[in-house]
Amino acid sequence: PGQGNYKGVFLHPQHWPEDLDYKNKKIVVIGSGATAATLIPALVDGGCAKVTQLQRSPSYFVSRDNQGDWFYGFLRPILGDSIAYFLNRCRYIFMGQVFFEYTQRFPKSARKLVRDGIREQCPKDFDVDVHFKPKYGVWEQRVCLVPDGDFFQCLHQGKANVVTDEIQGFVENGIRTKSGQFLEADIVVSATGLSLQQNFPMSTVDVDVDGVKYNAPEHFLYRGCMLSGVPNFMFTLGYSNAGWTLKADLVSKYFCDMINHCESRGLGRFCPNAKGVEQAPDSNILGLESGYLKRTQHRMPKQGITQPWVQSHNVLKDYWRYKIMPFGSEIEFEHTVKGNNPKARL
């Protein structure tokens with residue numbers, strides 16, 4: 001409310017001006033997600049006077065050492081770079097998956113574990129129960145990764161602080177909250193308000209199959225990377241509970257295997273067939289309770305109740321599905337026939 005009253009700089013992180021001078025400036029970052037968690041330390045390092053994180057509700061922040069790894073350092077002289085890197089990568093994937101499963105099976109214990117870790121890293125006078133006590137469980141929404149704990153270091157330096165409140169309105173030189181606090185700001189960064197694309201995953205691309213326009217809710221997800229009734233098409237939808245690129249790597253390899261499979265057999269078309277698939281009542285494809293997902297669930301592709309029609313969030317199981325399992329019987333293949341090529345087009 002009242003954004004027009006504000007005389008300072010208002011911007012979104014996705015449209016950051018290259019020539020923005022924020023040295024010795026007071027900055028308010030609105031949001032509690034990963035963008036805010038990583039942007040605030042960067043602003044402090046860049047020389048801002050002070051940065052305030054303004055959040056309506058808290059999130060979970062988890063620190064991870066990003067400056068080296070004892071396990072890799074131990075293995076490298078013995079096994080060489082490649083093998084040591086591969087084993088260390090497997091270790092991180094396994095540990096991440098174990099942590100996620102732990103949060104799902106023991107939610108109360110996981111919540112206490114994460115909040116105790118946050119409390120240890122915050123200044124003694126910092127109110128963790130106000131600023132880092134989400135109403136939801138760990139991994140019900142995305143967990144924010146803090147490299148090397150740099151966000152908490154900013155709190156200790158006094159260069160950053162957190163305000164948990166709602167915005168009453170903008171004023172000429174800052175923001176006033178509903179509790180009556182005034183946050184002076186030369187720059188306001190809006191790191192919130194995420195909105196998912198339309199007609200996932202095609203977004204603004206106009207697609208039709210045999211003259212019928214693609215409409216996401218009419219199709220089922222297959223193995224999390226294909227769509228029923230859409231031939232010769234794959235896309236990447238990463239993990240919500242792990243590194244996004246882990247899924248991208250697996251899907252890319254799977255796509256290459258599919259192309260090689262088709263070329264070696266003279267096949268010109270592959271397409272999942274969802275005939276007889278029972279639709280799941282909840283088609284939340286990322287498995288999170290975040291508001292931006294709930295608001296768009298009705299316009300996303302459908303899911304079934306069993307694999308391979310369910311979006312997977314398990315890296316270890318996906319390794320088996322994408323790299324070892326044969327192509328499923330749900331995929332229909334057709335040989336290349338002159339004059340009978342697939343009619344899907346952009």
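The values are calculated or read from the model by the stated rules, or taken from the named source; none is laboratory data. Nothing here was measured: the structure is a model prediction, and the numbers come from that model. Note: ideal-geometry Cβ built from the backbone for every residue, glycine included; neighbour counts use all protein chains shown. These area figures cover heavy atoms from the full protein model, side chains too; ligands, DNA and RNA do not enter into them. Shrake-Rupley method; radii C 1.70, N 1.55, O 1.52, S 1.80 Å.
Quick notes on this one:
- Nitroxide proxy distance, nm - points 7 Å out along Cα→Cβ at Lys213 and Arg64: 4.1
- Counting only protein heavy atoms and a probe of 1.4 Å, the accessible surface of segment 1-110 is 56% carbon and sulfur.
- Structure-derived mean projected area of the Cα convex hull in nm² - corresponding label in (i) 19.4; (ii) 22.4; (iii) 20.2: (ii)
- Listed values for segment 110-125 are Karplus-derived 3J(HN,Hα) couplings in whole Hz (6.51 cos²θ - 1.76 cosθ + 1.60, θ = phi - 60°), namely 5, 4, 5, 4, 5, 5, 5, x, 5, 4, 5, 8, 7, x, 4, 8, and x replaces Gly and Pro.
- Three-way shape label, segment 188-273, alpha-carbon gyration tensor, a/c 1.5: oblate
- Helix 70-79 vs. the chain, principal-axis angle (Cα, 0 to 90°, nearest 10): 40
- Solvent exposure of the chain amounts to 55 Å² per residue of accessible area, where only protein heavy atoms count and the probe is 1.4 Å.
- The phi torsions of segment 256-267, fed into the Karplus equation with coefficients 6.51, -1.76 and 1.60 and a -60° offset, translate into couplings of 4, 5, 5, 4, 5, 4, 5, 5, 6, 10, x, 8 Hz, rounded to whole numbers, with Gly and Pro shown as x.
- Cut-off under 5 Å, modelled amide H: who pairs with Arg223 long-range: Trp309, Val310
- Of all accessible heavy-atom area on segment 211-326, the percent that carbon and sulfur account for (1.4 Å): 56
- Förster radius 22 Å - calculated FRET efficiency between Arg91 and Glu278, Cβ distance, rounded to 0.05: 0.05
- Prolate/oblate/rounded label for segment 109-161 (Cα gyration tensor, a/c 1.5): prolate
- Think of each Lys and Arg Cβ as +1 and each Asp and Glu Cβ as -1; about the Cα centre, that makes the dipole of the chain roughly 540 debye.
- DSSP bridge pairs, the chain: antiparallel proportion in percent, nearest 5: 45
- Between Gln168 and Arg176, Thr177, Lys178, the built amide H atoms are under 5 Å apart, and every one of these is 5 or more places off in sequence or on another chain.
- Relative contact order computed over the chain (Cα-Cα under 8 Å; 6+ residues apart), in percent: 21
- Neighbourhood net charge (12 Å Cβ-Cβ; Lys/Arg +1, Asp/Glu -1) for Asp165: +2
- Listed residues Gly137, Gly31, Ser59: farthest to the positive end of the dipole of the chain (Cβ charges): Gly137
- Taking amide H positions as modeled 1.01 Å from N, with prolines and chain starts lacking one, the residues under 5 Å from Arg269 and 5 or more places away or on another chain are Glu334.
- The HN-Hα couplings worked out from phi for segment 179-187 by the Karplus form 6.51 cos²θ - 1.76 cosθ + 1.60 (θ = phi - 60°) are 7, x, 6, 10, 10, 5, 8, 7, 9 Hz, whole numbers, x standing for Gly and Pro.
- For segment 71-89 and segment 173-206, distance of Cα centres in Å: 42
- Electrostatic bookkeeping for Trp139 treats Lys and Arg as +1 and Asp and Glu as -1; over the other residues with beta carbon under 13 Å from its beta carbon, the sum is 0.
- Overall form of segment 84-202: prolate. Here a/c, set by the Cα gyration tensor axes a ≥ b ≥ c, is 1.5 or more, and a/b is the larger of a/b and b/c.
- Local electrostatic count at Asp186 - Lys and Arg +1, Asp and Glu -1, tallied over other residues with Cβ under 13 Å: +2
- MRE, 222 nm, helices only [DSSP H, n ≥ 4, -39500 (n - 2.57), over the chain, to nearest 500]: -10000 deg cm²/dmol
- Cross-link table Lys26/Lys247; Lys133/Lys159; Lys25/Lys247; Lys7/Lys133; Lys302/Lys323, entries beyond 28 Å C-alpha to C-alpha: Lys26/Lys247; Lys25/Lys247; Lys7/Lys133
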